[in-house]
Amino acid sequence: AVYPGFIDGHCHFFGYGSDLVKCDLSGTTSFEEALEKIRVYAQTNKFEWILGRGWDQNDWVVKEFPTRHKLDSLFPDKPVYLMRIDGHAVLCNQVALSLAGITATTKIEGGEILLENGALTGVLIDNAVDLVRGKIPAFTKEMHENALLEAQKNCFAVGLTTVDDAGLGKDSIQLIDELQKSGKLKIRVYAMFSDEVKTREHFFEHGPVKTERLTVRAIKVYADGSLGSRGACLKKAYSDQPGHYGFLLNSQKYMKEIADEALENGFQVCTHAIGDSAVNVVLRIYADHLNGENNRRWRIEHCQVVDPKDHNYFGDYSIIPSVQPTHATSDMYWAEERLGKTRLANAYAYKELKEEAGGTIVFGTDFPVENINPLYTFYAAVERKDLKDFPSGGFQPENKIKKKDALRAMTIWAAYSNFEENEKGSLEEGKVADFVILDQDIMKVEGHNIPNTKVLATYVNGEKVFGK
């Protein structure tokens, strides 16, 4: 079975590459298991800090945020920085906190520094993360190059030919461009640049970039945090934390200014918004700038909890929802605790969003938050189940997506959201020869068999980049 090369409509390709050299904590079932992985990793770690990623307290026996105390015992002299699976929270030991100057009285807008009995727990959420991240020594250029090439290898093995990297700095984009032009990096990248001052000033001044394999014409902005860390901004308080609504990571004034600049300089805006309050704020800002039907293709990334009263904005203002089907099947175990039953019905409603948006929706994985395999995305969208075939009948089965639409969301519709539908996303004469060969036809196999599909070969520009 031959298909157009798969496009991941929202991921962190550069970050995923960097994470390959860190301690992988995904899939751990307890904090103790995570600590043992870190202890083993530390024995061969040559970097100045101990870096890890992937823990999720929702997967642990004790479903509570961890604390720094055991880390302090294990590593009294070396800084430790362990990022949660969603990238919106970290656990640090005291050494790392001290290097960042964080005390129990430190305050940060758009973030939280968690305390227990007035003392630092070591958990930082959203903007508080940056206080420590800024102290981590930079990777060398060689480390980044090796990481990107390893990330590319893994992407090709699962049939990805284009990745939408959501939030890159100027230097990272320039390194990708350099590696592509040298012929080492063959994967196509749709780069959303970050809203960091130096980066956005550079691209707003010089305008969009388009080469054979790199497109830079979008800015990535954060409206709120994640549901798992309770940083997503909700209209009503969290069901499992009364009085807590989450928070906006940036002011509405700031987001309006970014929208002004993007509009003026010909850039697409892609805003991370997960909670229904954050989604509402972004939709209203977009509506003020887009003035009805248009071809600007501004996107909202994630759209996890959307008030049905706000659905009309998508169709009325040509706003594209960019979602990650595997988030639904990862979060389904605990999402009701956060949202309650009534509000959960308005979450992960991808079928409804697609219809409200005029029939167009984009699929991605948000990797490394989720597995990089786009066939798992396809499976989660059409079956609404995890890889253990749970739950029977699917999670919120009314939101199952038809196979044909799921395929479009990771090929032609994803290309459309990148302004590239005339060059990729379908197998047509005149388009680039990006395609994958699978060992079975995903449009015909039984649903439970979809995740077993293997990629036999991946081609980019007619060149075989994976396969025998």
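When residues in segment 371-399 are screened for being among the basic types (Lys, Arg) and within 21 Å of the chain's Cα centre (by Cα), 2 of them pass.
A count restricted to segment 47-67 and to residues that are farther than 12 Å from residue 34 by Cβ and either among the acidic types (Asp, Glu) or over 26 Å from the mean Cα position of the chain (by Cα) (or both) stands at 2. For segment 296-315, filtering for residues that are among the acidic types (Asp, Glu) and either touching a residue at least 60 places away in the same chain (Cβ under 8 Å) or assigned to a loop (DSSP other than H, G, I, E, B) (or both) leaves 2.
Could you please give the count of residues in segment 231-273 that are under 23 Å from residue 350 (Cβ atoms) and either part of a helix (DSSP H, G or I) or open to solvent by 10 Å² or more (accessible area, probe 1.4 Å) (or both)?
Selection size over segment 231-273: 5.
Under the condition of being in contact with a helix residue (DSSP H, G or I) (Cβ under 9 Å, 6 or more places away or on another chain), under 27 Å from residue 52 (Cβ atoms) and not hydroxyl-bearing (Ser, Thr, Tyr), the residues counted in segment 376-407 number 3. Regarding residue 335, is this residue touching a Leu at 6+ places or on another chain (Cβ under 7 Å) and surrounded by 22 or more Cβ atoms within 10 Å (Cβ to Cβ)? Against the criterion (touching a Leu at 6+ places or on another chain (Cβ under 7 Å) and surrounded by 22 or more Cβ atoms within 10 Å (Cβ to Cβ)), residue 335 qualifies. Out of 316, 310, 276, one residue alone is surrounded by 15 or more Cβ atoms within 10 Å (Cβ to Cβ), more than 24 Å from residue 168 (Cβ to Cβ) and under 19 Å from the mean Cα position of the chain (by Cα). It is 276.
Residues that are in contact (Cβ under 8 Å) with a residue 40 or more places away in the chain, open to solvent by 30 Å² or more (accessible area, probe 1.4 Å) and of a type outside the set (Phe, Trp, Tyr) within segment 395-431 comprise 398, 400, 403, 412, 427, listed in sequence order.
The values are calculated or read from the model by the stated rules, or taken from the named source; none is laboratory data. Note that the structure is predicted; figures quoted are calculated from it, not measured. Neighbour counts are summed over all protein chains in view; Cβ atoms, including those assigned to glycine, are modelled from backbone coordinates with ideal geometry. Quick note on the areas: whole protein, heavy atoms, side chains included, nothing else; ligands and nucleic acids left out. Shrake-Rupley method; radii C 1.70, N 1.55, O 1.52, S 1.80 Å.
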